[in-house]
Amino acid sequence: MPAHDGAADTPADLARRLDDLDRIEAIKQLKHRYWRACDGKDPRGFRDCFIASGARIDYGPLGAYDDAEPMAAIFAQVALHQVDGEYVIFDMHHGLHPDITLTSETTATGRWTLKFRQVNLADRTETLMTGEYDDEYIVEGGQWKMSASTLTERWSVTRPLGDDAVIRPGTFVSGT
């Protein structure tokens, strides 16, 4: 959306600008639903953020795919992994600095900065990472969905959890 100087808007201009802001807000909500699904161990919610077929996903070490199904399966395998009936992987995704560009009424691109933290009780490690998402969005079935998503890692650090670390798993309601 181009910068606006506020000079002499017509009612049609104002309506278009409001529609554009609504579209941008819907895309932001989509990306936040995606991260909430990641942190909430919700494979169905994760999968539902992408188009039904043919999403291009490149998450670096996690792989590159021409559809969301393989990535959703990997997500479910990692997020829902249990040892002795308890989850052992806990993620925290924070998305910052959204930069959304509408390319039409039903398509857009977006860029986000990711702050990621993971506690892995199986390996007794904590990982911190930051990266950049480059996404493409499209309206499918009346809702914004991701049609492409690339994550470029900027840096990460993995360190052992000390013997004195106390981890209190919370409650998860999986959408599986």
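Any read-out appearing in this document is the output of simple, stated calculations on the displayed coordinates, not a laboratory observation. Note that this is a predicted model, so its numbers are computed, not measured. A quick note on method: Cβ atoms are made from the backbone with ideal geometry, for glycine too, and the neighbour counts reach across all protein chains shown.
Ranking of M129, M92, M146 by neighbouring Cβ atoms within 10 Å, starting from the fewest: M92, M129, M146. A simple spin-label model places pseudo-atoms 7 Å from Cα toward Cβ; at R111 and T10 they are separated by 3.3 nm. The stretch between E132 and T101, if pulled fully straight at 0.36 nm per residue, gains 9.6 nm over its current Cα-Cα span.
Look at where the Cα atoms of segment 27-70 and of segment 96-137 average out, and the two centres are 11 Å apart.
Computed from backbone phi with θ = phi - 60° and the Karplus coefficients 6.51, -1.76 and 1.60, the 3J(HN,Hα) list for segment 102-118 is 6, 9, 6, 5, 10, 9, 7, 10, x, 9, 9, 9, 10, 10, 10, 9, 9 Hz; x is used for glycine and proline.
Listed options for mean projected area of the Cα convex hull in nm² are [x] 12.2; [y] 15.1; [z] 11.5. The value calculated from this structure is the one marked [x]. Which residues among segment 95-126 fall inside the zone where the amide N is under 14 Å from a point 7 Å beyond the Cα of A26, along Cα→Cβ? Correct set: 102-109. Counting only the backbone N, which residues of segment 114-135 are under 13 Å from the spot 7 Å out from the Cα of M92 toward its beta-carbon? Those under the cut-off are 115-120, 126-129. Along the axis of the charge dipole computed for the chain (Cβ charges of +1 for Lys and Arg, -1 for Asp and Glu, origin at the Cα centre), the listed residues I27, V166, V88 are led at the positive end by V166.
Sequence-ordered 3J(HN,Hα) estimates for segment 119-125 from the Karplus curve with 6.51, -1.76 and 1.60 and θ = phi - 60° stand at 10, 10, 6, 5, 9, 6, 10 Hz, glycine and proline given as x. What is the helix-to-structure angle for 11-39, meaning the angle in degrees between its Cα long axis and the longest Cα principal axis of the chain, kept from 0 to 90 and rounded to the nearest 10? Taking Cα atoms only, the helix is inclined about 10 degrees.
In summary, the aspartates and glutamates within cross-link reach of K41, defined as a Cα separation below 14 angstrom excluding same-chain residues under 8 places away, comprise E86, D91.
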